[in-house]
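The values are calculated or read from the model by the stated rules, or taken from the named source; none is laboratory data. Since this is a predicted model, take the numbers as computed values, not measurements. Cβ sites come from the backbone with ideal geometry, for glycine too, and all protein chains shown count toward neighbours.
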Amino acid sequence: MFVGRLTGYDASIAIVSDGERVSGHVCDGRQLSFWFGLAPFAGDEAELVARIGFNVGTVTVADGTARGTFKIEDTDATFDLAAASGAAGVYRATVGEVGQPGFAEAGWIILGDETQCGGVVAYDAEGGMPGPPLDPAVGQVEIAGLGLVTVNRVTEPRQLDLGDP
């Protein structure tokens, strides 16, 4: 797992890889909470794809780093990430059943300096909202309108696939 900041856009990014596939999350702590779909590697490179299938960038994972690009709002942001350690990483919570009314997904990225950003998206509503502060040692957080939710650290790309929440 790799975490850090985008260059060229005010947001954090997490890349999760198992050596065969990649996924991840981008969050600005305000309204953006964007999840990548699963994508296979070709050598040490992979496309970053939205869950609905369109390409949003590329990533190269090699020599303990993840480098690449992420396109958002006509901006080609870049990233150069080190491996996450300690509490740094990406965390996720879901409420409800995928594809059903009321399904919501929250994500947090915690950086190595312990700064964090979080975002919540209710899939039957417009836009997102900031996620509340997360204490990863607690494993639960209260989200306005959703109640107390269990939060899990993401360790494998498949955990970010909506088919395997």
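The residue pairs whose first member lies in segment 70-95 and is over 22 Å from THR58 (Cβ atoms), whose second member is charged (D, E, K, R) and in a loop (DSSP other than H, G, I, E, B), and whose beta carbons are closer than 9 Å, counting only pairs six or more residues apart or on different chains, are GLY86/GLU114; ALA87/GLU114; ALA88/ASP113; ALA88/GLU114. On the stretch given as segment 124-146, residues that are acidic (Asp, Glu) and either surrounded by 15 or more Cβ atoms within 10 Å (Cβ to Cβ) or assigned to a strand (DSSP E or B) (or both) total 1.
Taking segment 128-158 as the range and being of a type in the set (S, T, N, Q) and either in contact with a helix residue (DSSP H, G or I) (Cβ under 8 Å, 6 or more places away or on another chain) or not assigned by TED's automatic domain parsing to the domain that holds LEU111 (or both) as the test, only ASN152 passes. Do you know which of the residues in segment 1-51 that are of a type in the set (Lys, Arg) and in a loop (DSSP other than H, G, I, E, B) is modelled with the highest pLDDT? The qualifying residue modelled with the highest pLDDT is ARG30. Within the set SER12, SER17, SER33, the sole residue that is touching a helix residue (DSSP H, G or I) at 6+ places or on another chain (Cβ under 8 Å) and either under 19 Å from ILE109 (Cβ atoms) or not charged (D, E, K, R) (or both) turns out to be SER17. Considering VAL121, VAL149, the condition of being touching a Gly at 6+ places or on another chain (Cβ under 7 Å) and surrounded by 12 or more Cβ atoms within 10 Å (Cβ to Cβ) is satisfied by VAL121 alone. No other residue among ALA104, ALA87 is surrounded by 19 or more Cβ atoms within 10 Å (Cβ to Cβ) and more than 14 Å from the chain's Cα centre (by Cα) apart from ALA104.
For segment 93-100, the criterion of a residue being within 23 Å of VAL49 (Cα to Cα) and surrounded by 14 or more Cβ atoms within 10 Å (Cβ to Cβ) is satisfied by at least one position.
Of the residues VAL22, VAL98, the single one that is in contact with a helix residue (DSSP H, G or I) (Cβ under 8 Å, 6 or more places away or on another chain) and hydrophobic (A, V, I, L, M, F, W, C) is VAL22.
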